[in-house]
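The structure appears below as structure tokens.
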Amino acid sequence: MPRYDYRCRACGSTFEVSRPMSEASAPAACPDGHDDTVKLLSTVAVMGRGGPAPAPPPPSGGGGCCGGGCCS
């Protein structure tokens, strides 16, 4: 069953609620009983058979507005 993250606007706590996808947009009260909550966007980790993908290499060259070149 999917878990959804919420934040309480009254007390600032964050909490999870497990519920069917058909009830994903239903309101949820915080554990302290406050009704003023907002659903948070969740990040999803997707892994293939080989495990997590390797981290991308660090950018090469200098920074700046031209992608490493010198601007005049």
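The values are calculated or read from the model by the stated rules, or taken from the named source; none is laboratory data. Being a predicted model, the structure only gives us computed values, none of them experimental. Note: areas computed on protein heavy atoms with side chains; ligands, DNA, RNA excluded. Shrake-Rupley method; radii C 1.70, N 1.55, O 1.52, S 1.80 Å.
Working note: Karplus 6.51/-1.76/1.60 with θ = phi - 60° gives region 5-18 the couplings 9, 10, 10, 8, 6, 6, 10, x, 6, 10, 8, 10, 10, 8 Hz, where Gly and Pro are set to x. Under 5 Å from the amide H of Tyr4 lie the amide H atoms of Val17, Ser18, Arg19, each residue being 5 or more positions distant or on a separate chain, with H modelled from the backbone and absent for Pro and chain starts.
The slack between Ala10 and Asp36, meaning 0.36 nm per residue of separation minus the straight C-alpha distance, is 8.7 nm.
How would region 1-44 be classified by its alpha-carbon gyration tensor: rounded, prolate or oblate, with rounded meaning a/c under 1.5 and the a/b versus b/c comparison settling the rest? Note, shape of region 1-44 comes out prolate.
As a test of reading the structure, rank Cys11, Cys30 by solvent-accessible area (1.4 Å probe, protein chains only), most first.
Cys11, Cys30
With every protein chain in place and a 1.4 angstrom probe, the accessible-area ranking of Arg7, Arg49, largest first, reads Arg49, Arg7.
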